[in-house]
Amino acid sequence: MITEISANFYRITLRMPYRLRHVHAYLLAQDKKLALFDTGLNIPGAYETLEKDVTGAGFSINDIRHIFLTHVHTDHCSMAGILQKKTDAKIYVSAAALIEYKHFRQADSAVSLARQFYSRHGMSAHEIEMVIEEYEDMRGIIAEFDTKDFLLNNEVREFGDWKFEVIFTPGHATGHVCFLFRKEGILLAGDHILPYIAPSLSPNIFDDNFRPLQTYLDSLNVIEKLPIATIYPGHGNSFGGVSERLSEIRDHHAQRKQLIFGFVNEIPKTTYTLANEIFGSNMPDFEKFLALNETFVYLQELKFEGRIKEKMDGKVLFYTTC
Ligand SMILES: [Zn+2]
């Protein structure tokens, strides 16, 4: 579905078979040239839907000259390679996002790092294999692309009469960026700020030093200083009232962190055990995996704050109160 939000500015809503059910891409038009922001999820029929939407708005898919990606999660980037092949469009991502994407594509190291990470956090071999399967599925979806034009923090990009700034917002993903249209007061936020849910945070298995929660909260502070009237997110409706939404998200994380802290005591527990205690063990495997990721993110910060201790026993990490 394509909607003209304002003159020459369109939102394209594409289907997703899981979780949030849909994802948005955004399209800017200048004469007969188009710039696309994110691409939707590469599932059967998705490309055809996108093409139909673009045609329906009076353009051709071949008018797409530029593809800007907020981040390299499958639901945002996996059609970029297909579009590049068909249209010869240029693709732009942050350098950090391209590194993430390349890591993800190196099957052997990605799989062995995922195995190590999740077994270190107490997941059973069976469940780890499920995670690997998910990984493989996601890897298979992302159409290959390449780019040498990296987005830089705070740089101004121009597309015809449009002018927008690149704002680095790591956290939800290491290389995440938002795009600020200062004059129009618009932020294309990707998954940095969503209207109904707090964007998910997960470990970067390729980079032990990455602190998703702290990095994410720092990136919320960056957004707070910007002149934004309306946020156009990757999922859900557009919204104003940015400060209120930022407070809600900050409160959510503070409460979650406190909740998870409440489950840590003098008995050594793995991230896996804690996730099961907190979120319940009667969940589908993939939800369990997300719960473990989320639990890890808070444990990591509690450890940094000196409120809990982490100890390796064998090859597994355990957490206790100090
Ligand atoms: Zn995402």
Exercise for review: Identify all residues within segment 27-44 that are closer than 20 Å to His73 by Cβ and at pLDDT below 95; write none if there are none.
Suggested key: Gly40, Leu41, Asn42, Ile43, Pro44
Check your understanding: Given the residues Ala97, Ala25, Ala35, which is the only one that is open to solvent by less than 10 Å² (accessible area, probe 1.4 Å) and in a helix (DSSP H, G or I)?
Key -> Ala97
Point to revise | Cβ pairs under 8 Å, 6+ apart, first in segment 209-237 and over 19 Å from Leu299 (Cβ atoms) and touching a residue at least 12 places away in the same chain (Cβ under 8 Å), second more than 16 Å from the ligand (Cβ to nearest atom) and of a type in the set (Ser, Thr, Tyr) | key: Glu224/Ser243; Thr230/Ser238; Ile231/Ser238; Tyr232/Ser238
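Scan segment 172-186 for residues that are within 16 Å of the ligand (Cβ to nearest atom) and either surrounded by 22 or more Cβ atoms within 10 Å (Cβ to Cβ) or under 17 Å from Asn154 (Cβ atoms) (or both) and jot them down.
In the first step, residues of segment 172-186 are kept if they are within 16 Å of the ligand (Cβ to nearest atom); the result is 172-179.
Listed by number, the residues that qualify are His172, Ala173, Gly175, His176, Val177, Cys178, Phe179.
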Study note, to complete from the structure: Residue set Ile231, Ile223; condition hydrophobic (A, V, I, L, M, F, W, C), at pLDDT 95 or above, in a helix (DSSP H, G or I) and open to solvent by less than 30 Å² (accessible area, probe 1.4 Å); output residue Ile223
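I'd like the residue in segment 152-172 that is in a loop (DSSP other than H, G, I, E, B) and modelled with pLDDT of 95 or more and, out of all such residues, is nearest to Ala97 (Cα to Cα).
Filtering segment 152-172 for residues in a loop (DSSP other than H, G, I, E, B) gives 152-155, 160-161, 169-172.
Subset that is modelled with pLDDT of 95 or more: 152-155, 169-172.
Working: Leu152: 12, Asn153: 13, Asn154: 16, Glu155: 16, Thr169: 11, Pro170: 10, Gly171: 12, His172: 12 Å.
Within segment 152-172, the match that is nearest to Ala97 (Cα to Cα) is Pro170.
Tell me which residues, restricted to segment 65-89, are more than 16 Å from the ligand (Cβ to nearest atom), hydrophobic (A, V, I, L, M, F, W, C) and not in a helix (DSSP H, G or I). Outline the logic, then answer.
Here is the first cut: in segment 65-89, the ones more than 16 Å from the ligand (Cβ to nearest atom) are 65-67, 81-89.
Checking the rest, the ones that are also hydrophobic (A, V, I, L, M, F, W, C) come to 67, 82-83, 89.
Within segment 65-89, Ile67, Ala89 meet the criteria.
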Review point. How many residues does segment 243-260 contain that are without any contact (Cβ under 8 Å) to a residue 12 or more places away in the chain and either under 14 Å from Ser219 (Cβ atoms) or touching a Phe, Trp or Tyr at 6+ places or on another chain (Cβ under 7 Å) (or both)?
Key: 0
Check your understanding: So which residues in segment 70-94 are under 13 Å from the mean Cα position of the chain (by Cα) and open to solvent by 40 Å² or more (accessible area, probe 1.4 Å), if there are any at all?
Key -> His73
Point to revise | Any hit, segment 191-212, residues being modelled with pLDDT of 95 or more, touching an Asp or Glu at 6+ places or on another chain (Cβ under 6 Å) and surrounded by fewer than 17 Cβ atoms within 10 Å (Cβ to Cβ) | key: no
Practice item. Please go through segment 30-64 and pick out each residue that is within 16 Å of the ligand (Cβ to nearest atom), in contact with a strand residue (DSSP E or B) (Cβ under 6 Å, 6 or more places away or on another chain) and of a type outside the set (A, V, I, L, M, F, W, C). Key: Asp38, Thr39, Gly40
Study note, to complete from the structure: Counted residues in segment 267-289 being within 17 Å of Val316 (Cα to Cα) and surrounded by fewer than 15 Cβ atoms within 10 Å (Cβ to Cβ) come to 1
Point to revise | Given (1) within 23 Å of Asn154 (Cα to Cα); (2) away from the ligand (no atom under 16 Å from the Cβ); (3) in contact (Cβ under 8 Å) with a residue 40 or more places away in the chain, index of the condition Ser6 fails | key: (1)
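Restricting attention to segment 5-26, which residues are of a type in the set (D, E, K, R) and at pLDDT 95 or above? If you could, list the steps in order and put the result at the bottom.
Going through segment 5-26, the residues of a type in the set (D, E, K, R) turn out to be 11, 15, 19, 21.
Correct list: Arg11 only.
The values are calculated or read from the model by the stated rules, or taken from the named source; none is laboratory data. Model, not experiment: these values are computed from the prediction. Cβ atoms come from the backbone with ideal geometry, glycine included; neighbour counts cover every protein chain shown. Accessible surface is based on the protein model in full, side chains and every heavy atom, while ligands, DNA and RNA are left aside. Shrake-Rupley method; radii C 1.70, N 1.55, O 1.52, S 1.80 Å.
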